Amino acid sequence: MRWFFALNENSPGFWDYVNLVQVAVHSARQRTTLDPVCIYDGEENAFTAWLRAANVPVIRRSTFLGEITLQLTPIARGAYLRLEVPRICREQGWRDEYVLYTDCDVMFQQDPVPTLRALRPRFLAVAPEGDRSDMEKFNSGVMLINVPAWEAELPALTDTFRHHLD
């Protein structure tokens, strides 16, 4: 299963996030069958060299939301890169039905793939932010994405952002 994470070079504390990514990639390589992919908004540097040396594809991308508004902070520009996953899969010729997306601050203690393969979300699966009974506030830091379904919704999602983001 492909595992995506994203980072914007202009985020405050970028190099701290780089350290977190290195832990995440190392733990994934040691304890899982996940195939890591980095979605990266930034220039080539020691981080991208490290990823390439670790055989992690680096997909350079800016969020489409930058075309809609200039009001996005660097952190938001990084966070919204997750919306690019379906387009990236299509462009790369990857036919994954489901992929995992996580924020950079994860560490894998065991392989989540057997559990994830048993799930079949309509669009995506997420967990509540804090209160397990409150599904209004969910945590988008770990998402199982139904790639074809989400890609089909991207035009409507883009239109919603275009009309309501500001």
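Rounded to the nearest 20, the Cβ-based charge dipole of region 1-110 about its Cα centre (Lys and Arg +1, Asp and Glu -1) stands at 280 debye. The mean sequence distance of close C-alpha pairs (under 8 Å, at least 6 residues apart), as a share of the length of region 25-166, puts its relative contact order at 25 percent. Based on the alpha-carbon gyration tensor of the chain and its eigenvalue square roots a ≥ b ≥ c, which shape applies: rounded if a/c is under 1.5, prolate if not and a/b is larger than b/c, or oblate? In terms of gyration-tensor shape, rounded. How would you classify region 54-138 from its alpha-carbon gyration tensor, with a ≥ b ≥ c the square roots of the eigenvalues: rounded for a/c under 1.5, else prolate if a/b is greater than b/c, otherwise oblate? Cα axes put region 54-138 in the oblate bin. Ranked by the mean number of other Cβ atoms within 10 Å of their residues, highest first, the peptides 94-105, 48-59 fall in the order 94-105, 48-59.
Annotation for region 1-71 versus region 110-166: alpha-carbon center distance of 19 Å. Other residues whose C-beta falls under 13 angstrom from the C-beta of residue 36 contribute a net charge of +3, scoring Lys and Arg +1 and Asp and Glu -1. Over the chain, dividing the summed -39,500 (n - 2.57) contributions of all DSSP H runs of at least 4 residues by the number of residues returns a 222 nm mean residue ellipticity of -11500 deg cm²/dmol. Computed over the chain with a Gaussian network model linking Cα atoms closer than 10 Å, the most mobile of 27, 133, 11 is 133.
Bridges between two residues of the chain, per DSSP, are antiparallel at a rate of about 45%.
Since every read-out is calculated from the coordinates, none of them should be taken as a lab result. Just so it is clear, the structure is predicted and the values come from calculations on it, not from any experiment. Quick reminder, even Gly has a Cβ in these numbers, built from the backbone with ideal geometry, and neighbours come from all protein chains shown.
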